[in-house]
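Below is one structure, written out as structure tokens, with a few remarks after it.
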Amino acid sequence: MAVLDGIDTIVVLMFENRSFDHLLGHLSLEDPQSEVDGLRNPDTNPRYANVYENMVYRPFLIHDEAAVITHDPPHGRGYVATQMAKRGNKFRMSGFVKAYVEYSQHVTSQSPVMGYFDSNGAWMSSFLARNFCVCDRWFTPLPADTQPNRLMAFTGHTLIEDTGDRLLPYREHVFDWMERRNIRWRVYCDGLPFFALFGRFPEVIGPRFRPVDKLDEDMLREPASEAPQVIFIEPRYFDYFWSDVPANCNHPLALLSNGELYLHRIYSALTLNPAKWARTMFIVTYDEHGGFFDHVPPLPISSPPPPGAQYTEGFSTTGPRVPGLIATPWVQPGKVFHGHVDHTSILQLIAEKFGSGPEDYSSFVNARRHQGIVSLAEALDSQPAQRPVPQRAAQPGSPLHAGKRPPKQPNERAFNMAAQELRQHQGPAALSKFPFLADLPPMP
């Protein structure tokens, strides 16, 4: 795609566990003329009704997240099937409350999974949507939870169907694809990166992984000829069960306010150097919907188990929609992109920019492309918007956080395993790069 000649740097920030309607559905409520397929008439629209034990649950505005979201909603494969509520050949998207109550045994008059944020709660996401591009047909690749969908994002396939307390098996990583083509890449992380779960420990302590505190300086001063061409930004994950520092990944019970501040921090760093920003494409999305309501049915995308898979039943659809934002001068302000995309659309984009085309990534990604998943390059315009870089003042976050706790969830135990192995195999180098590993408790 010719317009990609105007892009030098692709930046990807993947948050955790929020759905499109939950985070960005307010765009069509606050602007009824908006093209965004978000929420409309939530108090009466029959498409949104979730019925459980003869009670009708509808979307409602979240004013105090800490008081409303007190449990992590379910989002494993079986629960996602309940949420999407297939009847015959149609998905009614009406089982979110049912899945939540069955999982949490927690019943309230307003179910947390039906809550949504407005432009005050999701202030930075809303700012980027209004000033750049929102993708309202971005689906999580699989109707499953964190690890399978992050594997899809960074390898194009998954050998597992659920999140477990293990290092992640895979056939080839996006890092390997870029290495073969001499693409300069880097990871900026706020703590232990999720990429540690791939077991690539020498890489994680190497020069390509940097603390996010270095991002400002690198954007300002690093020569373009030495700067990375692909950047992955990692938040501080809620799965750091041994830390008292608030998480900013947006995984419940981490508060959205801290994630919005982190998003503001990253955008502010990327726009410090106007010349670099003019040739940057900043992509923001979520690994999966986290069990929160969304009204749009999944796409019929078939994903059979790849060779070596640890499961036998393939996937016949995507998962629900997740927030998708593209911030770059190469989109017109307030653009709404309706193309069907998922996390493998990022891999198509990388292949289109740095390879021979969007089909140059892998056979797994091509299989999805042939079923209608397109490259994110299609969201770009032919000419950049000629305007000053939009700015937004930061809105204070909340000091509330979960604090240290036993590692109960599978991904928390997986982080523990990765951290233990990183410390054991890389020794002083790991402690030098990640000093917080010194406080890591022993495996239970």
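The values are calculated or read from the model by the stated rules, or taken from the named source; none is laboratory data. Everything numeric in this text was worked out from a predicted model, so none of it was measured. Methodologically, a virtual Cβ is constructed for each residue, glycine included, from the backbone with ideal geometry; neighbour enumeration extends over all protein chains shown.
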Under the condition of being modelled with pLDDT of 85 or more and not aromatic (Phe, Trp, Tyr), which residue from segment 232-247 is farthest from Lys408 (Cα to Cα)?
-> Ile233
Go through segment 206-228 residue by residue and tally those that are crowded, with 19+ Cβ neighbours inside 10 Å and out of contact with any Pro (no Cβ under 8 Å at 6 or more places or on another chain).
-> 5
How do the pairs read when you match residues in segment 419-444 that are modelled with pLDDT of 90 or more with residues anywhere that are assigned to a helix (DSSP H, G or I) and of a type in the set (Phe, Trp, Tyr), using Cβ under 6 Å and keeping only pairs 6 or more apart or on different chains?
-> Leu422/Phe201
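Table: residues versus (1) crowded, with 18+ Cβ neighbours inside 10 Å; (2) under 26 Å from Val204 (Cβ atoms).
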residue	(1), (2)
Ile231	yes, yes
Leu253	no, no
Leu256	yes, no
Met281	yes, yes
Gly291	yes, no
Pro307	no, no
Phe315	yes, no
Where a residue in segment 325-337 is under 20 Å from Phe139 (Cβ atoms) and surrounded by fewer than 20 Cβ atoms within 10 Å (Cβ to Cβ) and its partner, wherever it lies, is charged (D, E, K, R) and modelled with pLDDT of 95 or more, with Cβ under 7 Å and at least six apart = Val336/Glu35; Val336/Asp136
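Okay, residues lined up against (1) among the small types (Gly, Ala, Ser); (2) modelled with pLDDT of 95 or more:
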position: Phe91; (1), (2): no, yes
position: Tyr103; (1), (2): no, no
position: His106; (1), (2): no, no
position: Ser109; (1), (2): yes, no
position: Tyr116; (1), (2): no, yes
position: Gly121; (1), (2): yes, yes
position: Ser126; (1), (2): yes, yes
position: Val134; (1), (2): no, yes
The number of residues in segment 132-160 that are part of a loop (DSSP other than H, G, I, E, B) and not aliphatic (A, V, I, L, M) is 10
Kindly establish whether Arg369 is free of Cβ contacts under 8 Å to residues at least 40 places away in the same chain, under 21 Å from the mean Cα position of the chain (by Cα) and either under 26 Å from His157 (Cβ atoms) or surrounded by fewer than 17 Cβ atoms within 10 Å (Cβ to Cβ) (or both).
-> yes
Cβ-Cβ below 6 Å, separation at least six or inter-chain, first residue in segment 139-161 and touching a residue at least 24 places away in the same chain (Cβ under 8 Å) and at positive phi, second of a type outside the set (A, V, I, L, M, F, W, C) and surrounded by fewer than 24 Cβ atoms within 10 Å (Cβ to Cβ): which pairs?
-> Gly156/Ser362
Here the residues within segment 49-82 that are closer than 14 Å to Ala99 by Cα and either hydroxyl-bearing (Ser, Thr, Tyr) or touching a strand residue (DSSP E or B) at 6+ places or on another chain (Cβ under 9 Å) (or both) are Asn50, Val51, Tyr52, Tyr57, Arg77, Tyr79, Thr82
Does Ala377 qualify as being among the small types (Gly, Ala, Ser) and more than 30 Å from Leu128 (Cβ to Cβ)?
-> no
Which of the following residues is of a type in the set (A, V, I, L, M, F, W, C), at pLDDT below 95 and not in a strand (DSSP E or B): Ala385, Ala377, Ala351, Ala367?
-> Ala385
Test Phe434 against the criterion of being within 30 Å of Pro74 (Cβ to Cβ) and of a type in the set (Phe, Trp, Tyr), and give yes or no.
-> no
Selection within segment 96-131 - assigned to a helix (DSSP H, G or I), aliphatic (A, V, I, L, M) and more than 21 Å from the chain's Cα centre (by Cα) = Val97, Ala99, Val101
Hey, does segment 232-242 have a residue that's assigned to a helix (DSSP H, G or I) and farther than 22 Å from Lys353 by Cα?
-> no
Kindly indicate whether any position in segment 119-137 is in contact with a Gly (Cβ under 8 Å, 6 or more places away or on another chain), farther than 30 Å from Ala393 by Cβ and not charged (D, E, K, R).
-> no
Flagged pairs (Cβ under 6 angstrom, 6 or more apart or on separate chains; first in segment 204-224, over 17 Å from Tyr267 (Cα atoms); second of a type in the set (Lys, Arg)) are Ile205/Lys433; Arg208/Arg186
